[in-house]
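Taking it in order: structure first as structure tokens, then the write-up.
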Amino acid sequence: MSPRPNALDQAVNALSDATLLSHPASALVDSARAEAADRLMHLMLAGWFVTFALQIVVLAYFWQSGLAARVRDRLRRRFRNEFVVRFLFGAVLALVGRAAGLLPELYIYRVQRAMSLSDQLLRAWAADWIANTIVTMIVVGIAVAIVLWIVDRTHQWYIYLLVAIVLASAGLSFIEPYVVLPRFGHYAEIPPEYRADAASLEARAHVKVPLLEHVDDRTHLGDAYVNGLGPSQRIVISDSIFQASSRREIRYVLARELGFIAIGGPLRIAVADAVFVIVGVALAVAIADRIGFRRDDDPMVRLALLGALLGLMYLAIVPFNNTMLRSLSWASEEYALTLTHDPAAAVRSIVRNADERLDAACVTGAANIFRQEILDPAHAVETANHVPSGCR
């Protein structure tokens, strides 16, 4: 793993406050890495699209070819319990989808590895992929078995499904710090020298949550984010940010994440996720009902078709979701600037992060629509120093 601070950090440290406050992001980021960032943006976008396209096509073929029906029949011959059959069929569907996306996901990993954005070895990546696939199979299998069980017992199944989606969205957000976070390294309190600043910012923001340092030996990239919902909320900051950033930058990073909580970001995202899932499922079901049945179809087999349609609905909905997320990102930036009154530190932190992570300064077109969940560096810098970004 590359040590921090590195040569890029030293170059960012050399920028004066006057320079940071008078130039757009395109003039502040490293020029060579800016070109690489633009290439990376297009490579990652292609990999992302191919992943979803393959999963959609393979699931649709799995239904249309009759393979799904044959899998159902084979499971019913081997298992008499219908709940078990449905669970296993859902697990198979998840495995088919994950397998369809394996090669493009490997491509994305190799691109990140080639660009020195990941320190994870191939065997570790493969182990993670297998573990995630098993978890996905279990979750989808349980969901399929429960949903079909409800459908058998009431014509108002959709009401129970809507309630389940809302509860699942909130519940998953709530338990993530306890179930997901421990899989990704070691977590501890933030270093003692930053706790006084953190307490001051928390008092001014009227937000009190655990502040954790994330020690991860798989990457040297810095990251800061809010995890959890309600009582389980916590702010997580990578150890590399503490290693490479100035105290003023750390104050800005803390203020930004506190601002995200203060504006209700986690709850708004959980609600939006539930709404988007409900809309996507409703549209997918409506379209599926207008597609003719095969002779060997039943509700379980048509879940393969529904899965393909859900992929299409995701592609249609994700631009709206990203627009909402960028709005929250902008509001968090504004809140941090109000809390710290230090725009130079904000710009320095944004430029440092863009250089290290190979983030394109200006994100436009399909990449902005489908992939950009936060303000790109150009607009984040413009928010801080009010210098026009120059982006198209």
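The values are calculated or read from the model by the stated rules, or taken from the named source; none is laboratory data. Fair warning: this is a prediction, and the values are worked out from it, not measured in the lab. We place every Cβ from the backbone using ideal geometry, glycine too, and count neighbours over all the protein chains shown.
Scanning the range 114-134 for residues that are within 19 Å of Arg39 (Cβ to Cβ), within 19 Å of the chain's Cα centre (by Cα) and either surrounded by fewer than 14 Cβ atoms within 10 Å (Cβ to Cβ) or not hydroxyl-bearing (Ser, Thr, Tyr) (or both) yields a single hit, Leu117. Residues in the range 298-333 that are of a type outside the set (A, V, I, L, M, F, W, C) and either within 24 Å of Gly264 (Cα to Cα) or assigned to a helix (DSSP H, G or I) (or both): Gly307, Gly311, Tyr314, Pro319, Asn321, Asn322, Thr323, Arg326, Ser327, Ser329, Ser332, Glu333.
Pull out all pairs, ordered by first then second residue, where Cβ-Cβ is under 9 Å, the residues are six or more apart or on different chains, the first lies in the range 284-303 and is modelled with pLDDT under 95, and the second is assigned to a loop (DSSP other than H, G, I, E, B) and surrounded by 17 or more Cβ atoms within 10 Å (Cβ to Cβ). Pairs found: Ala288/Arg302; Ile291/Arg302; Phe293/Arg302; Arg294/Val301; Arg294/Arg302. Glu193 meets the conditions (1) surrounded by 12 or more Cβ atoms within 10 Å (Cβ to Cβ); (2) over 30 Å from Gly264 (Cβ atoms); (3) out of contact with any Ser or Thr (no Cβ under 8 Å at 6 or more places or on another chain) in every case but one. The failed one is (1). If the condition is being in contact with a helix residue (DSSP H, G or I) (Cβ under 6 Å, 6 or more places away or on another chain) and surrounded by fewer than 19 Cβ atoms within 10 Å (Cβ to Cβ), then the range 214-223 contributes only Val215.
Scanning the range 362-392 for residues that are farther than 20 Å from Ala46 by Cβ, under 20 Å from the mean Cα position of the chain (by Cα) and hydrophobic (A, V, I, L, M, F, W, C) yields Ile374, Leu375, Ala380.
Filtered by the rule that a residue be more than 30 Å from Asp73 (Cα to Cα), in contact with a helix residue (DSSP H, G or I) (Cβ under 8 Å, 6 or more places away or on another chain) and not hydrophobic (A, V, I, L, M, F, W, C), the range 92-110 gives Pro104, Glu105, Tyr107, Tyr109. When Ser349 is tested against (1) under 20 Å from the mean Cα position of the chain (by Cα); (2) of a type in the set (Gly, Ala, Ser); (3) within 19 Å of Ala34 (Cβ to Cβ), just one condition goes unmet, and that condition is (1).
Listed here are the residues, each with its yes/no results for (1) touching a residue at least 60 places away in the same chain (Cβ under 8 Å); (2) surrounded by 15 or more Cβ atoms within 10 Å (Cβ to Cβ); (3) in a helix (DSSP H, G or I).
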residue: Asp9; (1), (2), (3): yes, yes, yes
residue: Ser22; (1), (2), (3): yes, no, no
residue: Glu35; (1), (2), (3): no, no, yes
residue: His42; (1), (2), (3): yes, no, yes
residue: Leu45; (1), (2), (3): yes, yes, yes
residue: Val57; (1), (2), (3): yes, no, yes
residue: Ala60; (1), (2), (3): yes, yes, yes
residue: Ala68; (1), (2), (3): yes, yes, yes
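Name the residue, out of Arg256, Arg247, that is basic (Lys, Arg), within 22 Å of Ala7 (Cβ to Cβ) and touching a Phe, Trp or Tyr at 6+ places or on another chain (Cβ under 9 Å). The conditions single out Arg247. Only one entry in Ile317, Ile269, Ile287 is over 23 Å from Leu172 (Cα atoms) and not small (Gly, Ala, Ser), namely Ile287.
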